[in-house]
Amino acid sequence: MPGSFDPDGETLARLRRACAALPEVEERLSHGSPAWFVRGKTTFVMFVDDHHGDGVLGFWCAAPPGVQQELVDTEPARFFRPPYVGHRGWLGVRLDVEPDWDEVAGIVTDAYCTVAPKTLARQVRPDG
């Protein structure tokens, strides 16, 4: 489902791989965009491609407490407070500014661990 800023779908494909690598993750459309859910219930990542004409290619994700503010303050060109879910601490991550895909995988994993049941989160981060 490539959009206007991801015409070949490679960005979405890379994000999809990072999300699918986690236990009991399902992908489906949510509000017209690909989104990933833990056990089919709780969203942890949502892909955005020019959402309502904002010109952003990236994703919104759950984030541990305080992370959104810290990243938005230190790197506003890469991170932002997304509409609708930003007030709940979710983080917006731009993928149109030369993403570090290892860092993206870490952010996706953090998002997963933020919302996943502890038994699943421990499969990913045994010490967390």
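The values are calculated or read from the model by the stated rules, or taken from the named source; none is laboratory data. None of the values given here were measured: they were computed from a predicted structure. Every residue, glycine among them, receives a Cβ derived from its backbone with ideal geometry; neighbour counts consider all protein chains shown.
Pick from 23, 83: which is more than 13 Å from the chain's Cα centre (by Cα), at pLDDT 95 or above and not in a helix (DSSP H, G or I)? Reasoning before the result, please.
Numbers: 83 fails: at pLDDT 95 or above.
Residue meeting the stated conditions: 23.
Select from segment 114-127 the residues that are free of Cβ contacts under 8 Å to residues at least 24 places away in the same chain and not β-branched (Val, Ile, Thr) and write down the one among them that is surrounded by the fewest Cβ atoms within 10 Å (Cβ to Cβ).
As a first pass, look at segment 114-127 and keep what is free of Cβ contacts under 8 Å to residues at least 24 places away in the same chain: 118-119, 121-122, 125-127.
Within this subset, residues satisfying the condition of being not β-branched (Val, Ile, Thr) are 118, 121-122, 125-127.
On the way: 118: 9, 121: 19, 122: 13, 125: 12, 126: 7, 127: 4.
Out of the qualifying residues, it is 127.
Could you please let me know if residue 75 is modelled with pLDDT of 95 or more and either among the β-branched types (Val, Ile, Thr) or over 21 Å from residue 101 (Cβ atoms) (or both)? Please lay out each step first, then the result.
Values: modelled with pLDDT of 95 or more: yes; either among the β-branched types (Val, Ile, Thr) or over 21 Å from residue 101 (Cβ atoms) (or both): no.
So residue 75 fails the test.
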_Odd one out for residue 51, checked against (1) over 17 Å from residue 17 (Cα atoms); (2) at pLDDT 95 or above; (3) surrounded by 14 or more Cβ atoms within 10 Å (Cβ to Cβ)_ = (2)
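If you check 77, 63, 35, 18, which single one turns out to be in a strand (DSSP E or B), closer than 17 Å to residue 104 by Cβ and either of a type outside the set (Asp, Glu) or in contact with a Pro (Cβ under 8 Å, 6 or more places away or on another chain) (or both)?
Working: 77 fails: in a strand (DSSP E or B); 63 fails: in a strand (DSSP E or B); 18 fails: in a strand (DSSP E or B).
Exactly one of 77, 63, 35, 18 is in a strand (DSSP E or B), closer than 17 Å to residue 104 by Cβ and either of a type outside the set (Asp, Glu) or in contact with a Pro (Cβ under 8 Å, 6 or more places away or on another chain) (or both), namely 35.
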_Testing residue 43 on (1) in contact (Cβ under 8 Å) with a residue 24 or more places away in the chain; (2) in a strand (DSSP E or B); (3) under 14 Å from residue 58 (Cβ atoms); (4) of a type outside the set (D, E, K, R), one condition comes back false. Which one is that?_
(3)
*Looking only at segment 15-29, which residues are free of Cβ contacts under 8 Å to residues at least 12 places away in the same chain and surrounded by 13 or more Cβ atoms within 10 Å (Cβ to Cβ)?*
27
